[in-house]
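The values are calculated or read from the model by the stated rules, or taken from the named source; none is laboratory data. In this text, all values refer to a predicted model and were calculated from it rather than measured experimentally. So basically every Cβ, Gly included, is an ideal-geometry build from the backbone, and we count neighbours across all protein chains shown. Just the protein is used for accessible areas: all its heavy atoms, side chains included, with ligands, DNA and RNA removed. Shrake-Rupley method; radii C 1.70, N 1.55, O 1.52, S 1.80 Å.
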Amino acid sequence: MSKYLFLDIDGVLNHDEWFESVHYKKHQENWKKSMFDPECVARVNRILEATGARLVVSSSWRSMTDLEEIFAGVGLPTTFWRTPHADMLNYRDDTDLYSRDYDDPKWWRGSEIDYWLDRYDPGSNYVILDDDCDMLPHQMEHFIQTCGDKIHTPDLYINNNGSGLTETVMNKAIDILNGDTD
C-alpha cells in the first residue's frame, strides 16, 4: 500500500516560536530559507524515511513555481506532488471568488486532498499535517493538527508539546503511516 504525507507549510514548518527565534531574525534576508524551522524540516525527513511515504504539498505555497528550489535550499525533497486548488476541481463553477461560501466543504483543503487521493491513489494510507482544521470527517483519523502558537491554540500547544511539527506530532504521523495506531 502506498503512503503519502500531505504537508502544509505555515504553522507546520514555521510557527510563532520560530519567528521569535534568534536564528530566524539573523537570517531574514534570505526569506526562502529563513521561513523554515530546521528542526521541523528534519522531522519531515524523518517521517518520510521511517515510513517510505511520498510527499504531497497541500500548502498554499504549492502554487510557487520555484518551490523545488526552495525545498532544495532547506533540505526537503525536491520530488513531490501538489494538490489542486479547490477552484480547479471538477465542480468548478462561475461563482465569483469573493461570493463563495467557504463554510461549504467543497472549498476546504480536505476536499482538495480527497480529490488528489481519488485521482491518483485511492485506498492508500496517508497523514495530513496542517495547522488549519478544514478537513473532511472521514479524514480525521489521518489528520494531525499542528499548533501555530501557544496563545491562540493552548490545548493544541499542550497536546503537541509545542508549536509546529514537534517530536510528538512526528511520532503520531509515523505511527499512522506505519499502521500502529494503538
Ordering ARG43, ARG62, ARG119 from largest to smallest accessible area (1.4 angstrom probe), what's the sequence? ARG119, ARG43, ARG62
Quick query: amide H of CYS147 versus all other amide H atoms, modeled in the peptide plane; which residues come in under 5 Å with a sequence gap of 5 or more or a different chain? GLY164
How fast does the chain diffuse by Stokes-Einstein, in µm²/s, taking the Kirkwood radius from C-alpha pairs at 37 °C and 0.692 mPa s? 194
Simple SL model, points at 7 angstrom along Cα→Cβ for GLU20 and ILE151; separation in nm is 0.8
Grab the Cα-Cα distance for ASP175 and ASP118, subtract it from 0.36 nm times how many residues apart they are, and report the gain in nm with one decimal. 18.2 nm
So for ILE176, ILE113, ILE151, what's the accessible-area order with a 1.4 Å probe, most first? ILE151, ILE176, ILE113
Accessible area in the full protein assembly, largest first, 1.4 Å probe, for THR146, THR65, THR153: THR65, THR153, THR146
